[in-house]
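Q: Got a structure for you, questions after.
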Amino acid sequence: MLLTRISAHATARHLDPQMPGLLAAALTELGLSEPIPDTVRHALVQPHWRYRLVYRATTVILECGTVHREHAESGTVDLEPLVRASRLACDDISRVHRMRGTIPFDRRHRINAVRAHAHRVVNRVQWAETSLDAEPAANLRAYARRWLTISDRYMVGRIGALLDDVEWSVPRRT
């Protein structure tokens with residue numbers, strides 16, 4: 001847990017003070033005219049160790065904007081930085097039950113359900129990454145929106161419902 005806090009503080013220190021503006025510009029460039037949710041804006045203005053998933057999701061969205069810009073200018077796409085940023089964010093999704101700190105340790109059944117949901121969300125995100133290989137221009141908008149939804153739901157505290165298209169899991173009883 002201490003290592004998570006230290007690396008999150010390092011991530012927070014490297015945040016650009018203009019990050020909300022950069023995120024809004026990337027969303028506009030991708031054609032997502034919706035405003036940044038207030039919860040996400042709060043995480044970008046008030047860096048804290050438990051908001052690391054939001055920082056990483058923001059990095060993924062900024063990389064989506066960069067890929068979209070490169071594809072519009074030259075027609076070629078380099079997905080490696082986007083995939084690298086997405087892998088880091090997926091690692092944080094796998095730890096969401098610990099990072100957010102909303103589930104008591106004595107509620108093991110709830111932790112198991114959230115972990116199962118987190119694994120389904122990671123699988124869904126990885127499946128969406130494969131669609132970027134086929135048609136990046138058409139799928140970047142949906143991919144960025146998915147990450148914006150994940151970060152907004154995480155900030156609201158809905159760690160068991162990070163995405164709508166992933167079913168809620170019921171833990172198996174042993």
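Q: State which residue is modelled with the lowest pLDDT when the search covers only the range 14-33 and only residues that are open to solvent by less than 50 Å² (accessible area, probe 1.4 Å) and assigned to a loop (DSSP other than H, G, I, E, B). Steps first, please.
A: Filtering the range 14-33 down to residues open to solvent by less than 50 Å² (accessible area, probe 1.4 Å) leaves 15, 19-21, 23-24, 26-27, 30-32.
With assigned to a loop (DSSP other than H, G, I, E, B) added as a condition, the list becomes 15, 30-32.
Details: Leu15: 56, Leu30: 82, Gly31: 80, Leu32: 79.
Checked the range 14-33; the qualifying residue modelled with the lowest pLDDT is Leu15.
Q: Would you mind telling me which numbered condition in (1) open to solvent by less than 90 Å² (accessible area, probe 1.4 Å); (2) touching a Gly at 6+ places or on another chain (Cβ under 9 Å); (3) farther than 20 Å from Glu63 by Cα Ile159 fails?
A: Tallying (1) open to solvent by less than 90 Å² (accessible area, probe 1.4 Å); (2) touching a Gly at 6+ places or on another chain (Cβ under 9 Å); (3) farther than 20 Å from Glu63 by Cα, Ile159 fails exactly one: (2).
Q: Name the single residue, out of those in the range 65-107 being under 15 Å from Ile159 (Cα atoms) and open to solvent by 80 Å² or more (accessible area, probe 1.4 Å), that is modelled with the lowest pLDDT. It would help to see each step written out before you state the result.
A: At the first step, the residues of the range 65-107 found to be under 15 Å from Ile159 (Cα atoms) are 89-104, 107.
Next cut, open to solvent by 80 Å² or more (accessible area, probe 1.4 Å) only: 98, 107.
Details: Arg98: 66, Arg107: 69.
So the residue we want is Arg98.
Q: Consider Ile36 against the criteria (1) modelled with pLDDT of 75 or more; (2) outside any helix (DSSP H, G or I); (3) surrounded by fewer than 18 Cβ atoms within 10 Å (Cβ to Cβ): it satisfies all of them except one. Which criterion is unmet?
A: Result: Ile36 passes all but (3).
The values are calculated or read from the model by the stated rules, or taken from the named source; none is laboratory data. Computed from a predicted model, the values in this text were never measured in an experiment. Using ideal geometry, Cβ is built from the backbone for each residue, glycine included, and neighbour counts are taken over all protein chains shown. Accessible surface is based on the protein model in full, side chains and every heavy atom, while ligands, DNA and RNA are left aside. Shrake-Rupley method; radii C 1.70, N 1.55, O 1.52, S 1.80 Å.
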